[in-house]
Each structure stands twice: as structure tokens, then as C-alpha cells.
1. Is there any pair with a first residue in the stretch 23-38 that is touching a residue at least 40 places away in the same chain (Cβ under 8 Å) and a second that is in a loop (DSSP other than H, G, I, E, B) and surrounded by 14 or more Cβ atoms within 10 Å (Cβ to Cβ) whose Cβ atoms are under 9 Å apart and which are 6 or more apart or on different chains, and what are they?
2. What strands (runs of 3 or more DSSP E) completely inside the stretch 5-84 contain at least 2 residues that are within 13 Å of the ligand (Cβ to nearest atom)?
Ligand SMILES: [Zn+2]
């Protein structure tokens, strides 16, 4: 093994990815934030950006849980995301 010193590290930046699922509460259940019915469910995850020590390339650490919620509820959560 020759990986001494090759450690991927966080850049301190967080990136939130949000997208529509195209389906609603019939499929996903109620909003995880407000608990109400959703006609359209969005999924969102806040990921920590990390840099590979080997070549300096960036990638997202997707270990954080995904939330299923209204777009408006996600935007409220996003307003308290860490600021880079
Ligand atoms: Zn909601």
C-alpha cells in the first residue's frame, strides 16, 4: 500500500442539490418537513464538497440523508445551510 499522505479533505464548501421527483405524496408519503400532502415532491441533499489529495479534483460527499419535501419547505431549510 502506498497511500500515505493521500487523504481527501473537505474544502469547507457545502452544495445543496434539489430536484423534482415528478411524483407526489401518493408515492413518497407526506412532506418530511411540514408533514402535509405534496402534489409534487422534491428531493434535496446538502453535500460536503471534498477534494481528492491525489489529483486535486472535487467531488461531493453524499453521505448526508436525502429529504423528501415541498420545494418551499426545502428552500426554508436551505436558508440556514452553512454559508461558504
Ligand atoms: Zn412541506
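1. So the pair list comes out as 28/38; 28/41; 31/38; 31/41; 31/70; 33/70.
2. Working: elements: 9-20, 42-51, 58-61, 67-69.
Because the criterion is at least 2 residues that are within 13 Å of the ligand (Cβ to nearest atom), the strands (runs of 3 or more DSSP E) in the stretch 5-84 that meet it are 42-51, 67-69.
The numbers here are math on the coordinates, done by the rules we state, and not lab data. From a predicted model like this one, the values you see are computed outputs, not experimental measurements. Using ideal geometry, Cβ is built from the backbone for each residue, glycine included, and neighbour counts are taken over all protein chains shown.
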